[in-house]
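Only one structure is covered here, and it is reproduced in the block below.
The values are calculated or read from the model by the stated rules, or taken from the named source; none is laboratory data. Note that the coordinates shown come from a computational prediction; the quantities given were computed from them, not determined experimentally. Here the Cβ positions follow ideal geometry from the backbone for every residue, glycine too, while neighbour counts run over all protein chains shown. For accessibility, only protein heavy atoms count, side chains too; no ligands or nucleic acids. Shrake-Rupley method; radii C 1.70, N 1.55, O 1.52, S 1.80 Å.
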Amino acid sequence: MRVRPISPDLLVTELAERLARTGTPGRLRVAVDGPPAARPDALAEALVDPLRAAGRPVLHVRAGDFLRPASVRLEHGRTNPDAYYESWLDEPGLRREVLDPAGPDGSGRLLPSLWDAAADRASRAAYVDLPPGGVVLVSGALLLGGALPFDVTVHLVLSPAALARRTDPALRWTLPAFARYADEVVPASFADVVVRADDPRRPALVEAA
C-alpha cells in the first residue's frame, strides 16, 4: 500500500469523479464512514454538488438521523461506549427506509431522516424519490460493521493519538468504541476508499501500490 497526500478539494473532486463513474443497478449506495472527529458528514455534503454537476441525482442521509429512541439508546447510561458501539444506530430502520429502497429492486422512495435524537421523537420527514442512477450518501460513524448493503464504502481513519486529540472532550467517552471498531471490524482493511484524516487540512489516500 502507498499513502498519497492530497488536498481536501482534490479529495472531493477525485471521490466525486469515482462515484459518478460507478454504475450499479438502480441507485448507488455509498457509506462515508468515520468518527465525528473525521467529519464524515462534511465530506459527504461536499460531494453533493459535484455529483449533481456530473448528472447524478443525490440524497445525503446522516446516520445521526437514524438513532434509536433514548429509552433504548441510553438504557445503560449516556456515556456507555459498548452501547454506543452496539445499539445506538437503528440499522434496521436505515436499511428499511434508505438502503433497501435504493437497492437494485427498490422503489427509490427514501426517508432522509427517521428520528430527531435531540427532541427524542420521530423526525416526521417527507419521503424523497431518488431516480435510477441516483446516489445516496450515508455519512456517520460505525457504519461498516453491521453488514449494511453499501455498494461503495469510504472510510476515514485517524491514528489513536489523533482521534483522542481531535475528539470533542464531551465525546471522549466514545473512544473505546472506536478502538473496538478498529480491532473487531478493521474497516481500513476492506473499505473501497481509505482516507487518512489525522490532519483535516492534509488528508491522504491509501492506495494499492
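Filtering segment 60-101 to residues that are part of a loop (DSSP other than H, G, I, E, B), basic (Lys, Arg) and without any contact (Cβ under 8 Å) to a residue 40 or more places away in the chain leaves only Arg78. Scanning segment 100-150 for residues that are among the charged types (D, E, K, R), on the phi < 0 side of the Ramachandran plot and touching an Asp or Glu at 6+ places or on another chain (Cβ under 9 Å) yields Arg109, Asp116. Among the residues making up segment 1-56, those that are of a type in the set (Val, Ile, Thr) and either open to solvent by 20 Å² or more (accessible area, probe 1.4 Å) or within 24 Å of Ser189 (Cβ to Cβ) (or both) are Val3, Ile6, Val12, Thr13, Thr22, Thr24, Val30, Val32.
Filtered by the rule that a residue be assigned to a loop (DSSP other than H, G, I, E, B) and either open to solvent by less than 60 Å² (accessible area, probe 1.4 Å) or closer than 24 Å to Asp9 by Cα (or both), segment 155-185 gives Leu158, Ser159, Thr167, Val185.
The requirement of being touching a helix residue (DSSP H, G or I) at 6+ places or on another chain (Cβ under 9 Å) and in a loop (DSSP other than H, G, I, E, B) is fulfilled nowhere in segment 42-51; no residue meets it.
Total residues in segment 186-209 satisfying the condition of being under 20 Å from Phe150 (Cβ atoms), open to solvent by less than 50 Å² (accessible area, probe 1.4 Å) and either in a loop (DSSP other than H, G, I, E, B) or among the basic types (Lys, Arg) (or both): the figure is 2. Say we look at segment 114-141 and pick out the residues that are open to solvent by less than 20 Å² (accessible area, probe 1.4 Å) and under 14 Å from the mean Cα position of the chain (by Cα); which of these is farthest from Ala31 (Cα to Cα)? That would be Val135. When residues in segment 104-113 are screened for being surrounded by 14 or more Cβ atoms within 10 Å (Cβ to Cβ) and touching a strand residue (DSSP E or B) at 6+ places or on another chain (Cβ under 6 Å), 3 of them pass.
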